[in-house]
Amino acid sequence: MIMSWLFSACLVYLSSCSKKYVDPGPQLTGASKQFALAAKSNSGVSGTVTFAKRSDNATVITVQLTGTQAGGTHPAHIHANTAVEGGGILLDFTPVDGATGKSETVAKALNDGTPVTYEDLLAFNGYVNVHASSSDLGTLIAQGDIGQNELTGVNKVYTLNPVSDPSISGTATFAARKSGFTLITLSLTGTTAGGDHPAHIHMNNASAGGAIVLDLANVNGATGKSVKSVTQLNDGTAITYAQLIVFNGYVNVHLSAASLGTLIAQGNIGSNAP
């Protein structure tokens, strides 16, 4: 009995030893970072892009959208710079499948062969675009800043008061990026389609007046919006979000380039804000 049991045990041992080890391949490490993708062109499409680190230092990039339709195929890419500034395509994704709203890409390098790691992507100066189709790349359906350009959720809102037209007023919102720089958005009500309104930050408070130190994007009369990513003043001096919210300045919005002497909105910012 004992000999029989030992013989059986040996057979089991030898059988288990004969099984070959199977390498499971690269595995996800559990480290990941998600960024929001907002709807563009009134598409009703939004979602997220997630970067997940893999054990071989590759990154699994997953786009997940809601609002896409079966039959659609949507090219997607990482571009250089912030979404407001715009920039060239640096990394192509697998197109998003309209039926599932999903795209998955394994990335180890940019399109030009430059190696890119998970850590590189988390600090990347870029943004993601998702397009309507390969034949309509000019129409965006979703977009979002990534890496160092991600908005932190920290912001400061300043009031822009009416000046020449009592029906026009609004706000200037300074939003902090992960990089420490700022997205400045002017939002006015009462402007009209066809209007194009230059806007600037001036030195000192509005009562004292002062020279222009930063050109902002012109306010579109149809939307009442102006959006600019800010890293420096007009003279090249670097300026951060932390510096802007204590800045000795004010915002002017003008009627037009031909009528800079007519203000439609104005408000103190930074250290001058009430």
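So the values come out like this:
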item	result
The stretch 20-36 - residue that is within 22 Å of GLN64 (Cα to Cα) and of a type in the set (Gly, Ala, Ser) and, of those, surrounded by the fewest Cβ atoms within 10 Å (Cβ to Cβ)	GLY30
Per-region count, the stretch 225-237, residues in a loop (DSSP other than H, G, I, E, B) and closer than 18 Å to ALA175 by Cα	2
Filtered residues of the stretch 101-119 (kept if out of contact with any Ser or Thr (no Cβ under 6 Å at 6 or more places or on another chain) and either surrounded by 15 or more Cβ atoms within 10 Å (Cβ to Cβ) or among the polar types (S, T, N, Q) (or both))	LYS102, LEU110, ASN111, THR114, VAL116, THR117
Test: residue in the stretch 221-237 that is on the phi > 0 side of the Ramachandran plot and in contact (Cβ under 8 Å) with a residue 12 or more places away in the chain	yes
Residue match in the stretch 97-115 (condition: out of contact with any strand residue (DSSP E or B) (no Cβ under 6 Å at 6 or more places or on another chain) and aliphatic (A, V, I, L, M))	yes
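Condition check ((1) of a type in the set (Lys, Arg); (2) surrounded by 19 or more Cβ atoms within 10 Å (Cβ to Cβ); (3) in a loop (DSSP other than H, G, I, E, B)) across all residues:
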| site | (1), (2), (3) |
| --- | --- |
| ALA38 | no, no, no |
| PHE51 | no, yes, no |
| LEU65 | no, yes, no |
| GLN69 | no, no, yes |
| ALA99 | no, no, yes |
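Just so you know, all these numbers are worked out from the coordinates, no wet-lab data involved. Keep in mind it's a predicted model, so treat the numbers as computed, not measured. Note: ideal-geometry Cβ built from the backbone for every residue, glycine included; neighbour counts use all protein chains shown.
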